[in-house]
Amino acid sequence: MFRNKVALGSQIGLFTSVLILITNFFLRSYFVKVYGADLTGYYLLVVQLMGVLNLAELGISTALTYILFKPLHRKENSELRQLYFIIKKIYHFIALGILVIGLLFFLLLNSIVNASISPENLYITWGVFVISTSLSYLYSAQSVILTADQNVYLVKLITGLTRSLAYILQIFLMICGVSFWIVCAIELLSNVIQLILFNKLTLKKYPQLVKLDITDTINKENIISVKSKIKREIKYTFVHKIAGVCSI
């Protein structure tokens with residue numbers, strides 16, 4: 001079963017990666033044709049800056065996946081609920097941090113962007129991407145538990161297909177002559193859909209996470225203990241990532 005899931009994950013991962021690559025290529029080509037160099041350059045700049053904001057995650061998904069693996073496969077539901085509850089809190093904190101930092105960047109947009117871009121395209125587009133990036137962390141805990149349970153193929157299927165369909169819809173809207181910021185807003189719609197899908201899938205596959213009120217199953221000592229464990233795993237993962245970067 002484990003090998004089958006790994007093989008399926010690899011196959012779906014390859015399929016969705018190729019699909020995203022192709023649709024994204026056409027998307028960028030249409031951006032240049034329809035909106036010109038200035039707006040296309042701004043779009044690419046925003047995408048790059050969102051990547052910088054995503055550094056707030058610090059690569060903790062790998063550590064959190066490892067933490068959930070043991071209670072999942074030992075069916076230790078009480079510990080699993082505790083870990084899942086705290087992991088959701090961590091990701092919600094990251095989402096809030098990205099939202100605050102992203103909104104503060106509003107003050108710098110005029111100095112960063114030298115091209116002549118209308119205020120609605122400049123500010124609304126940035127706001128849409130900031131909210132979209134922040135929103136993506138609201139389903140990160142669901143993605144982590146699916147990955148820890150060897151269901152990474154479901155994660156890749158949802159994210160890959162949703163993103164590819166969003167690219168196709170954006171291309172269609174550009175052909176129809178829709179405004180730049182509206183086309184960019186499809187990014188937000190894509191993450192809303194992913195949030196809904198991940199929530200429904202997690203509730204279906206892991207009903208033990210919501211059967212009991214989490215505040216009734218966790219005491220203060222357990223929270224401190226679990227947070228300490230998470231910090232330790234995150235530290236090891238982060239050091240490993242830094243070592244990998246330094247070796248390049």
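Descriptive notes on the structure:
- Of all residue pairs spaced 6 or more apart or on separate chains, none has beta-carbon atoms under 8 Å together with a first member in segment 17-34 that is in contact (Cβ under 8 Å) with a residue 40 or more places away in the chain and outside any helix (DSSP H, G or I) and a second member that is loosely packed, with under 12 Cβ neighbours inside 10 Å and not small (Gly, Ala, Ser).
- Among the residues listed as 84, 123, the single one being at pLDDT 85 or above, in a helix (DSSP H, G or I) and crowded, with 22+ Cβ neighbours inside 10 Å: 84
- Matching residues, segment 87-120, being surrounded by 14 or more Cβ atoms within 10 Å (Cβ to Cβ) and of a type in the set (Ser, Thr, Tyr): 91
- Single unsatisfied condition, residue 99 versus (1) modelled with pLDDT under 90; (2) in a helix (DSSP H, G or I): (1)
- Filter result (out of contact with any His (no Cβ under 9 Å at 6 or more places or on another chain), in contact (Cβ under 8 Å) with a residue 60 or more places away in the chain and crowded, with 20+ Cβ neighbours inside 10 Å) within segment 134-159: 139, 140, 142, 143, 144, 145, 147, 152, 153, 156, 159
- Residue within segment 166-185 that is farther than 25 Å from residue 123 by Cβ, surrounded by fewer than 18 Cβ atoms within 10 Å (Cβ to Cβ) and in contact with a helix residue (DSSP H, G or I) (Cβ under 7 Å, 6 or more places away or on another chain) present: yes
- Among residues of segment 1-14 that are closer than 11 Å to residue 157 by Cα, those with a Cβ under 7 angstrom from a residue that is in a helix (DSSP H, G or I) and modelled with pLDDT of 70 or more, sequence gap 6+ or separate chain, pair up as 8/153; 9/152; 9/153; 9/156; 12/153; 12/156; 12/157; 13/156.
- Filtered residues of segment 24-46 (kept if exposed (fewer than 13 other Cβ atoms within 10 Å of the Cβ) and of a type in the set (Phe, Trp, Tyr)): 25
- Residue in segment 45-67 that is modelled with pLDDT of 80 or more, within 14 Å of the chain's Cα centre (by Cα), in a helix (DSSP H, G or I) and farther than 27 Å from residue 29 by Cα present: no
The values are calculated or read from the model by the stated rules, or taken from the named source; none is laboratory data. Since the model is a prediction, treat every value here as computed from it, not as a measurement. As a convention, Cβ positions derive from the backbone with ideal geometry for all residues, glycine included, and neighbour counts pool all protein chains shown.
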